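One structure is given here, and the rest of the page talks about it.
The values are calculated or read from the model by the stated rules, or taken from the named source; none is laboratory data. Quick caveat, the model's predicted, so the values are computed rather than measured. Cβ: placed from backbone, ideal geometry, glycine included. Neighbour counts: every protein chain shown. The area values use the complete protein model at the heavy-atom level, side chains included, leaving out ligands, DNA and RNA. Shrake-Rupley method; radii C 1.70, N 1.55, O 1.52, S 1.80 Å.
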Amino acid sequence: MKRWMSLLLAVTLMLTMAACGSSKTGGNSGSGEALSGVEDGVLTVGMECSYAPYNWTQTSDSNGAVPIVNNPGTYANGYDVMIAKKICEANGWKLEVMAIGWDGLTPALNAGNIDMVIAGQSMTGERMAEVDMAGPYYYASIVCVTKKGSAQSQATGISQLTGTCTAQTGTIWYSSCLPQIKDAKLMPASESASAMIMAVESGTVDYICCDMPTAMGACSTYDDLMILDFSNSDDNFEVDQSEIDIGLSVKKGNTTLLDAANAVLKTMNADDFSNMMNDAIAVQPKI
């Protein structure tokens, strides 16, 4: 009986300790209020660190880069880092960046491993069913990228595009835009933005679909690539602008971080975003 009572007491103690603990972003405080994730003064932001000009990895802290905490000796920079720094500066927080694969960003956020995702994510209805999103922090447009002098280079609308194409996995570019091209031969999705760009640069596909900043970043690296922008044509992709604008993610119900991010973004306009993006493109490394 004593052994049984001792075991019961031990189990009760373990459960009590577990109930008192909490993760950085997803637990509850003793008062029952949800934790925001920045009680320690640190905002942990997830991004791929391989999606220039939104974010990339470099080997020094030049041009304002910040350390990648889960990849010692490397640094993150890009438009997303610039936005994250503005949010942190406005709130007196320290910025911490974690490199996470595209498909792992939302799971990491919802598991409490990071506080926020700033990674060039479109504000799609599907994504906003999983997380809360602040923004936009960039007003996007959809374009294609092809080789100069290719069969696609003279196209003035999507109906004139033919041949093989791809886009990054998990994006509206691949799931919604490319299927609108009647004569397209859709190839498997690329695992990352850099892999998508290499697919067209290497000739593996005839063209890719992405947003304007990604296309600009690709063309700044490879001078044999060109942008196909059909924005002023009736023969363009049909998209809901609210679903292609770029936003940042927080865990559902985290109003502290959502409001803090929106408060900063509301002080900026489209020109501010464009100028900052141009600054990012000017210092990005080769993709």
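The residues on offer are Ile118, Ile83, Ile114, and the sole one that is aliphatic (A, V, I, L, M), crowded, with 21+ Cβ neighbours inside 10 Å, modelled with pLDDT of 95 or more and assigned to a strand (DSSP E or B) is Ile118.
Just one of the listed residues (Leu109, Leu105) is assigned to a helix (DSSP H, G or I), touching a Lys or Arg at 6+ places or on another chain (Cβ under 7 Å), open to solvent by less than 20 Å² (accessible area, probe 1.4 Å) and of a type in the set (A, V, I, L, M, F, W, C), namely Leu109.
Here Thr74 clears all of (1) open to solvent by 10 Å² or more (accessible area, probe 1.4 Å); (2) closer than 23 Å to Ile181 by Cβ; (3) over 16 Å from the mean Cα position of the chain (by Cα); (4) not hydrophobic (A, V, I, L, M, F, W, C) except the condition numbered (2). Please list, ordered by first then second residue, the pairs with beta carbon atoms under 6 Å, 6 or more apart or interchain, first in segment 134-161 and over 17 Å from Asp240 (Cα atoms), second among the hydroxyl-bearing types (Ser, Thr, Tyr) and open to solvent by 10 Å² or more (accessible area, probe 1.4 Å). Correct list of pairs: Thr146/Ser153; Gly157/Ser233. The residue of segment 121-156 that is nearest to Trp56 (Cα to Cα), among those that are among the small types (Gly, Ala, Ser), open to solvent by 10 Å² or more (accessible area, probe 1.4 Å) and not in a loop (DSSP other than H, G, I, E, B), is Ser122.
This table checks each residue for (1) at pLDDT 95 or above; (2) open to solvent by 30 Å² or more (accessible area, probe 1.4 Å); (3) in contact with an Asp or Glu (Cβ under 8 Å, 6 or more places away or on another chain).
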position	(1), (2), (3)
Pro179	yes, yes, no
Ala195	yes, yes, no
Thr204	yes, yes, no
Met212	yes, yes, yes
Ala260	yes, no, no
Ile287	no, yes, no
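Picking from residues in segment 216-230 that are in contact with a helix residue (DSSP H, G or I) (Cβ under 9 Å, 6 or more places away or on another chain) and of a type outside the set (A, V, I, L, M, F, W, C), the one that is least open to solvent (accessible area, probe 1.4 Å) is Gly217. Of all residues in segment 231-258, those satisfying the criterion of being small (Gly, Ala, Ser) and surrounded by 21 or more Cβ atoms within 10 Å (Cβ to Cβ) are Gly247, Ser249.
One line per residue, one yes/no per condition, for (1) of a type in the set (A, V, I, L, M, F, W, C); (2) over 30 Å from Ser60 (Cα atoms); (3) out of contact with any Pro (no Cβ under 9 Å at 6 or more places or on another chain):
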site	(1), (2), (3)
Ser176	no, yes, yes
Asp211	no, no, yes
Gly217	no, no, no
Ser231	no, yes, yes
Asp234	no, yes, yes
Leu258	yes, yes, yes
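Per this entry, Ser175 is not counted among residues that are closer than 28 Å to Asp279 by Cβ and polar (S, T, N, Q). Gly46: of a type outside the set (Lys, Arg) and assigned to a strand (DSSP E or B), yes or no? Spelling it out, Gly46 is indeed of a type outside the set (Lys, Arg) and assigned to a strand (DSSP E or B).
The set of residues from segment 148-169 being of a type in the set (Gly, Ala, Ser) and over 30 Å from Leu105 (Cα atoms) comprises Gly149, Ser150, Ala151, Ser153, Ala155, Gly157, Ser159, Gly163. Does segment 250-257 contain at least one residue that is within 13 Å of Val143 (Cα to Cα), modelled with pLDDT of 95 or more and assigned to a helix (DSSP H, G or I)? No, segment 250-257 contains no residue that is within 13 Å of Val143 (Cα to Cα), modelled with pLDDT of 95 or more and assigned to a helix (DSSP H, G or I). The set of residues in segment 212-240 that are closer than 24 Å to Trp102 by Cα and either free of Cβ contacts under 8 Å to residues at least 24 places away in the same chain or among the acidic types (Asp, Glu) (or both) contains only Asp240. Which of the residues that make up segment 262-283 are in contact with a strand residue (DSSP E or B) (Cβ under 8 Å, 6 or more places away or on another chain) and either modelled with pLDDT under 95 or open to solvent by 50 Å² or more (accessible area, probe 1.4 Å) (or both)? Within segment 262-283, just Val283 meets the criteria.
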